[in-house]
1. Does Val170 fit the bill of being crowded, with 18+ Cβ neighbours inside 10 Å, within 11 Å of the ligand (Cβ to nearest atom) and of a type in the set (Val, Ile, Thr)?
2. Please verify whether Gln15 is surrounded by fewer than 17 Cβ atoms within 10 Å (Cβ to Cβ) and assigned to a helix (DSSP H, G or I), treating the condition exactly as stated.
3. Is it true that Thr148 is within 16 Å of the ligand (Cβ to nearest atom), crowded, with 23+ Cβ neighbours inside 10 Å, in contact (Cβ under 8 Å) with a residue 40 or more places away in the chain and among the β-branched types (Val, Ile, Thr)?
4. Just to be sure I understand, how many residues within segment 70-116 are part of a helix (DSSP H, G or I) and within 16 Å of the ligand (Cβ to nearest atom)?
5. Does segment 58-94 hold any residues that are crowded, with 16+ Cβ neighbours inside 10 Å and among the acidic types (Asp, Glu), and which are they?
6. With the requirement that a residue be within 11 Å of the ligand (Cβ to nearest atom), open to solvent by 20 Å² or more (accessible area, probe 1.4 Å) and more than 13 Å from Ser131 (Cα to Cα), what does segment 173-190 give you?
7. Which condition number does Glu58 fail, the rest of (1) within 10 Å of the ligand (Cβ to nearest atom); (2) over 25 Å from Val180 (Cβ atoms) being met?
8. Could you figure out which of (1) free of Cβ contacts under 8 Å to residues at least 24 places away in the same chain; (2) open to solvent by less than 90 Å² (accessible area, probe 1.4 Å); (3) under 25 Å from Ser156 (Cβ atoms) isn't true of Ile242?
Amino acid sequence: MKALITGASSGIGRQMAIYLSSLGCDLILASKNQTALEQLQQILTTKSKIVLIDLKDEKKVKDLYMLIKKEDIDILINNAGFGLFGNCDESDLQTELDMIDVNIKAVHILTKLVLKDMIKKDKGYILNVASAAGLLKGGPLMSTYYATKSYVVNFSLAIYEELRRKKSNVHISVLCPGPVNTNFNKTANVKFNLKSLSPEYVAKYAIDNMYKKHKLLIVPGLKTKLGIILSRFVPTKLLLRITYKIQKRKG
Ligand SMILES: NC(=O)c1ccc[n+]([C@@H]2O[C@H](COP(=O)([O-])OP(=O)(O)OC[C@H]3O[C@@H](n4cnc5c(N)ncnc54)[C@H](OP(=O)(O)O)[C@@H]3O)[C@@H](O)[C@H]2O)c1
C-alpha cells in the first residue's frame, strides 16, 4: 500500500503518516516544511518520499498529481489546510484567497484527477479532511474557513453517491473533527476554549473508519457528534448567533 498525505509536516497529517506507516503503508509526504518532513521520515518504519510543495500554486498541485500517478498510490489524503480569524470586512483578502486555493482548489484538483485513475483501476481510498465547521450553516468570525470546509464536505458527499451508483470499489470519506490540539490555532490566530482531541486519536480514528469501515462521514468525539446533530434542530439565525458567541471566545 502507498499513500499521499498533504500537510504531513504537523498535526493530524503527521499523526496519520505515523499510523499508516505502523500499518505497513509506504508514504509520500507533502508540505512546505522540509525540516519537519525530514524529522518525520526518521521515525517512520516504512519507505517514504518528501515532496516540498506550496499547495496554493495550481501548477505545482498538477505536478504533484503527475508524480503520484507514476507512484500508483492506493490512498489519497487531502489534509493540508488552514483558517483565519476575524470579521469578513477586516480580515486579510490575500490570506483568504490563499486559503481558498489550499483548502478548496488543491483538494478539488487532486480528488478529481486521482479519482479518475482509481475508478479505472476500480480500487483506492480518498480521505478529504474537512471539519465540523463544514457541517454547520456558516461560521461568523471565520467565514471563509467554514465556507471552504462546507465545499469539501459537499464535494466529497456527492462523489460518494456517484461511486455507489457505479458500484465502484473506490471509497471516499470526509473527516469532520471539532477542536484538535495542533498548530491550527496558532496559524488561524485563535485559541480553543473547548476541550480539544489529540491529533493521534483523530488520525487513528479517521484511518480506521476510512480503511476498515469505509465510513463516509467521519466525526471523531461524542461531543462533536452531538453538537452537529443538535445544530440541525436549531433555526438558522439562532445557530449563527450561537456560533458567533463560540467563535468570539476563541479570538
Ligand atoms: N486542529 C483543528 O482543530 C482542526 C479541526 C477541524 C479540521 N481541521 C483540519 O485538519 C487539517 C490539518 O490541520 P491541523 O489541525 O493538523 O493543523 P496544522 O498542525 O497547522 O497542520 C496543517 C498542515 O497543512 C499544511 N499546509 C498548510 N498550508 C499549506 C500550503 N500552502 N501548502 C502545503 N501545505 C500546507 C501545513 O504544512 P506546512 O508545514 O507547509 O505549513 C501542515 O502540515 C486542516 O485541513 C484543518 O482545516 C483541524
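The values are calculated or read from the model by the stated rules, or taken from the named source; none is laboratory data. This is a predicted model, so every value here is computed, not measured. Ideal geometry is used to build each Cβ from the backbone, glycine not excepted, and the neighbour counts take in all protein chains shown. Ligands, DNA and RNA are excluded from the accessible area calculation, which covers all protein heavy atoms including side chains. Shrake-Rupley method; radii C 1.70, N 1.55, O 1.52, S 1.80 Å.
1. Criteria not met by Val170.
2. Details: surrounded by fewer than 17 Cβ atoms within 10 Å (Cβ to Cβ): no; assigned to a helix (DSSP H, G or I): yes.
When the stated conditions are applied, Gln15 does not pass them.
3. yes
4. Number of matching residues: 18.
5. Asp74
6. Those that are within 11 Å of the ligand (Cβ to nearest atom), open to solvent by 20 Å² or more (accessible area, probe 1.4 Å) and more than 13 Å from Ser131 (Cα to Cα): Asn181, Thr182, Asn183, Asn185, Lys186, Thr187.
7. All conditions are met except number (1).
8. Failed condition: (3).
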